[in-house]
Ligand code: HEM
């Protein structure tokens, strides 16, 4: 059973203490939920450069957090100040990676999950806007294309032309499709415009525009690019401040991000 369905408050987000980088049998990286993650070599290269100049000073966790911010800026998104100083955790368990929400959860489940981490509904809608860049595996959307919830029909909330496009694009589960089909490499408000046109890729994206708790926020953000960008930075600081106290207490600064 998915960890998502359990008591969230007892779960930790160890992906935030660089446990996702550890390479050993049964680590988070080996989990099914992590299989589309990539770019680990870039983190290793950055760490190697930093270790040459400031040995044992900058954690892999802080590097991950800075990389997420800098990648956002490069794509045209906002800059935010990072609360540096986090330690790298020593524990990485594959099953705990399953806590990351799947693209098929209900809005209520998403709100509950975010609340269990100290994040509110605004954070949920704003941070979901990260799906303005990047891609998903077709596996994450196939349940919407032919037999949505056992109806033998596609998800009725999908725009018919977009449905045809996705059916052509997603013949195999391992193929990829852009989260924002219009401007996939640009950090902008197009994600919110897409869901207004029934062109949200994940059902969790589309559902944000059909729930009265989230729709007005998504609608407002679609018109307010600077509000979206500013609030994205604020919510990202909140997200990166979620700490697992045990892992921080027993934490370290790794020399090699893949080993502890
Ligand atoms: C609201 C809950 C969320 C759900 C249900 C969700 C779900 C997903 C799923 C299913 C994928 C595609 C994975 C795959 O098939 O390979 C994905 C990709 C992605 N998500 Fe989320 N996500 C959520 C929140 C977030 C947040 C908070 C961020 C960052 C602030 C984020 C950033 C991304 C990015 C950048 C990608 C593209 C990755 C790539 O290009 O490989 N997501 N998300």
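Readers should treat all values here as calculations from the given coordinates under stated rules, not as data from a laboratory. Since the structure is predicted, the reported quantities are computational estimates derived from the model, not experimental observations. Virtual Cβ from ideal backbone geometry, glycine too; neighbours counted across all protein chains shown.
A few notes on this one:
- Kirkwood Rh and Cα Rg combined as Rg over Rh, evaluated for the stretch 114-253: 1.03
- Gain on full extension, evaluated as 0.36 nm per residue between residue 93 and residue 108 minus their Cα-Cα distance, stands at 2.7 nm.
- Using the rule -39500 (n - 2.57) for each DSSP H run of four or more residues, divided by the residues of the chain, the 222 nm mean residue ellipticity is -11000 deg cm²/dmol.
- The stretch 122-183: C-alpha gyration tensor shape, a/c 1.5 cut-off, then a/b vs b/c: prolate
- For the chain, built as a Gaussian network whose Cα springs stay under 10 Å, the top-fluctuating residue of 138, 54, 170: 54
- Residue order for 102, 52, 197, fewest other beta carbons within 10 angstrom first, comes to 52, 197, 102.
- Within the stretch 29-82, the percentage of alpha carbon pairs spaced more than 18 angstrom apart rounds to 45%.
- Rounded to the nearest 10 degrees, the angle from helix 40-53 to the longest Cα principal axis of the chain is 30 degrees.
- Between the alpha-carbon centres of the stretch 82-133 and the stretch 22-46 there is a gap of 18 Å.
- Simple spin-label estimate for residue 213 and residue 159 in nanometres, 7 Å along Cα-Cβ: 2.8
- Contact order normalised by residue count of the chain, Cα under 8 Å, 6+ apart, percent: 30
- Crossing angle, helix 160-169 versus the chain [Cα axis fit, 0-90 degrees, rounded to tens]: 50
- Take every pair of alpha-carbon atoms less than 8 Å apart whose residues are at least six positions apart; their mean separation over the length of the stretch 119-238 yields a relative contact order of 33 percent.
- Acute angle (nearest 10 degrees) that the helix 225-240 long axis makes with the longest principal axis of the chain, alpha-carbon atoms: 50
- Our estimate of slack between residue 224 and residue 242, defined as 0.36 nm per intervening residue step minus the Cα-Cα distance, is 3.8 nm.
- Comparing mean-square fluctuations of 69, 86, 168 from a GNM of the chain with C-alpha springs under 10 Å, the top value falls on 168.
- Kirkwood Rh, angstrom, the chain [1 / mean 1/r, Cα pairs]: 19.3
- Top of 127, 202, 74 by mean-square fluctuation, Gaussian network on the chain, Cα under 10 Å: 74
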